[in-house]
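First comes the structure, then the notes that go with it.
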Amino acid sequence: MIKKVLILGSKGMLGQELVCVFSEAGHKVTGWDFGDIDVNDASDTREKIIMLHPDVIINAVAYNAVDLCEEDENEFEKAWRLNAEVPGELASVALEIGAVFAHYSTDYVFDGEQRSGGYSEDAIPNPVSRYGESKFIGEKSVAAIGGRYFIIRLSKLFGMPASSVSAKKSFFAKMEEVAREKGAVSAVDDETGCFTYAPDLASATYSLVLDSAPVGVYHLVNEGSVSWYEALREYFRIIRIDAEIMPVSGASFTRPARRPKDSTLCNTKRPALRDYREALESFANRKESGSGHIVS
Ligand SMILES: NC(=O)c1ccc[n+]([C@@H]2O[C@H](COP(=O)([O-])OP(=O)(O)OC[C@H]3O[C@@H](n4cnc5c(N)ncnc54)[C@H](OP(=O)(O)O)[C@@H]3O)[C@@H](O)[C@H]2O)c1
């Protein structure tokens, strides 16, 4: 059955892939980003959503400047509004119109101090940064509203750069640029976690929301728990770039926000996403061909 799907943050790294996946499957997709809507304006947002009356609302809007909001009060206010308050407001409109609501969160809700084995969906969050705290409160407010909601945690998103005004390149694309320019890069090797390829997450989100899965928290990340250093080594091997990668400790960078040491997310509820190395191959091919959306 064709669904009316609203994607908020449709020009972001993940949002743009969600638009492709749902449109390619034949659903009626509306993508809103800055210019169409400012989700900080709660009453305007509610009015617009009610007018559209979607069956599914997917919120890919977030404040992601982890370090900036740790040390700057104005930035923290922005992070709090978008990450902690807006998700509950959106969940509430979804409940009002009977829409499914999907929202994204992060491995940074965990402190990363666990010994081994990773965090399953029911592990107790304990954020160690203000960004992590804002995302955790957002999760709690969505769950408190209830309705047909999905909170999807991911970590270390990579993919094609977003088309929004302030779009960032992913870690791999940035490191590739530096390596081509300088011949050497350094990468943190004492922080471990999972990577998430945006098209894979968009496809996994698609199945989750249209599968009548139980409401609640999900971990949707590519398989494989690695450090930034290990993942970068793999990427450079795939793209055959002969640059030196120096393993360094996270402590050697000045970063205002604390990072979890091991924030591996375990997906115990849904079909596993492919191994991150396969996803990296797809990303490299797509980047090389300069092509648009490919889910492979
Ligand atoms: N990136 C990661 O490594 C990572 C890791 C863990 C979890 N996540 C989560 O994954 C989700 C998707 O992240 P992403 O990296 O795809 O985000 P993104 O690229 O920053 O995309 C967010 C989009 O929302 C837009 N936006 C921001 N504020 C808005 C507002 N007030 N009203 C309307 N649109 C607004 C942004 O526009 P501008 O760009 O112009 O601001 C951007 O187009 C988020 O929930 C994020 O917290 C991401």
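The values are calculated or read from the model by the stated rules, or taken from the named source; none is laboratory data. These figures come from a predicted structure and were not determined experimentally. Glycine also receives a Cβ, built like all others from the backbone with ideal geometry; neighbour counts cover every protein chain displayed.
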Screening Ser170, Ser164 for residues that are of a type in the set (Ser, Thr, Tyr) and crowded, with 21+ Cβ neighbours inside 10 Å leaves only Ser170
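Restricting attention to region 49-63, which residues are more than 11 Å from the ligand (Cβ to nearest atom) and either out of contact with any helix residue (DSSP H, G or I) (no Cβ under 8 Å at 6 or more places or on another chain) or assigned to a loop (DSSP other than H, G, I, E, B) (or both)?
Step one: filter region 49-63 for residues more than 11 Å from the ligand (Cβ to nearest atom), giving 49-57.
Of everything in region 49-63, those that are more than 11 Å from the ligand (Cβ to nearest atom) and either out of contact with any helix residue (DSSP H, G or I) (no Cβ under 8 Å at 6 or more places or on another chain) or assigned to a loop (DSSP other than H, G, I, E, B) (or both) turn out to be Met51, Leu52, His53, Pro54, Asp55.
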Per the filter on region 92-127, residues surrounded by fewer than 19 Cβ atoms within 10 Å (Cβ to Cβ) and either closer than 21 Å to Pro214 by Cβ or of a type in the set (Val, Ile, Thr) (or both) are Ser92, Leu95, Ile97, Gly98, Ser120, Glu121, Asp122, Ala123, Ile124
task = For region 39-55, state whether one or more residues are of a type outside the set (A, V, I, L, M, F, W, C), within 29 Å of Lys169 (Cα to Cα) and touching a Lys or Arg at 6+ places or on another chain (Cβ under 7 Å).
result = yes
inquiry  = Scan region 26-41 and tell me whether some residue there is assigned to a helix (DSSP H, G or I) and either at pLDDT 95 or above or more than 14 Å from the ligand (Cβ to nearest atom) (or both).
reply    = no
Among Gly35, Gly9, Gly26, the single one that is of a type outside the set (Phe, Trp, Tyr), under 23 Å from Glu77 (Cα atoms) and touching a residue at least 12 places away in the same chain (Cβ under 8 Å) is Gly9
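For (1) at pLDDT 95 or above; (2) within 14 Å of the ligand (Cβ to nearest atom); (3) hydrophobic (A, V, I, L, M, F, W, C), each residue gets a yes or a no:
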{"site": "Glu70", "(1), (2), (3)": "yes, no, no"}
{"site": "Trp80", "(1), (2), (3)": "yes, yes, yes"}
{"site": "Pro87", "(1), (2), (3)": "yes, yes, no"}
{"site": "Ala91", "(1), (2), (3)": "yes, yes, yes"}
{"site": "Glu96", "(1), (2), (3)": "yes, no, no"}
{"site": "Val109", "(1), (2), (3)": "yes, yes, yes"}
{"site": "Gly147", "(1), (2), (3)": "yes, no, no"}
For Asp122, are the conditions met, namely being modelled with pLDDT of 95 or more and more than 15 Å from the chain's Cα centre (by Cα)?
yes
Within region 154-178, the residues that are outside any loop (DSSP other than H, G, I, E, B) and out of contact with any Phe, Trp or Tyr (no Cβ under 7 Å at 6 or more places or on another chain) are Leu157, Ala173, Lys174, Met175, Glu176, Glu177, Val178
Residues of region 177-219 being farther than 28 Å from Val56 by Cα, touching a strand residue (DSSP E or B) at 6+ places or on another chain (Cβ under 9 Å) and more than 16 Å from the ligand (Cβ to nearest atom), in sequence order, are Val178, Ala179, Gly183, Ala184, Val185, Ser186, Asp189, Asp190
Flagged pairs (Cβ under 8 angstrom, 6 or more apart or on separate chains; first in region 165-180, touching a residue at least 60 places away in the same chain (Cβ under 8 Å); second in a helix (DSSP H, G or I) and hydroxyl-bearing (Ser, Thr, Tyr)) are Phe172/Tyr235; Met175/Tyr235; Glu176/Tyr235
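Would you confirm, using the coordinates I've provided, whether Lys140 is under 13 Å from Pro87 (Cβ atoms), assigned to a helix (DSSP H, G or I), more than 8 Å from the ligand (Cβ to nearest atom) and without any contact (Cβ under 8 Å) to a residue 60 or more places away in the chain?
Working: under 13 Å from Pro87 (Cβ atoms): yes; assigned to a helix (DSSP H, G or I): yes; more than 8 Å from the ligand (Cβ to nearest atom): yes; without any contact (Cβ under 8 Å) to a residue 60 or more places away in the chain: yes.
Here the answer is yes, as Lys140 does meet what is asked.
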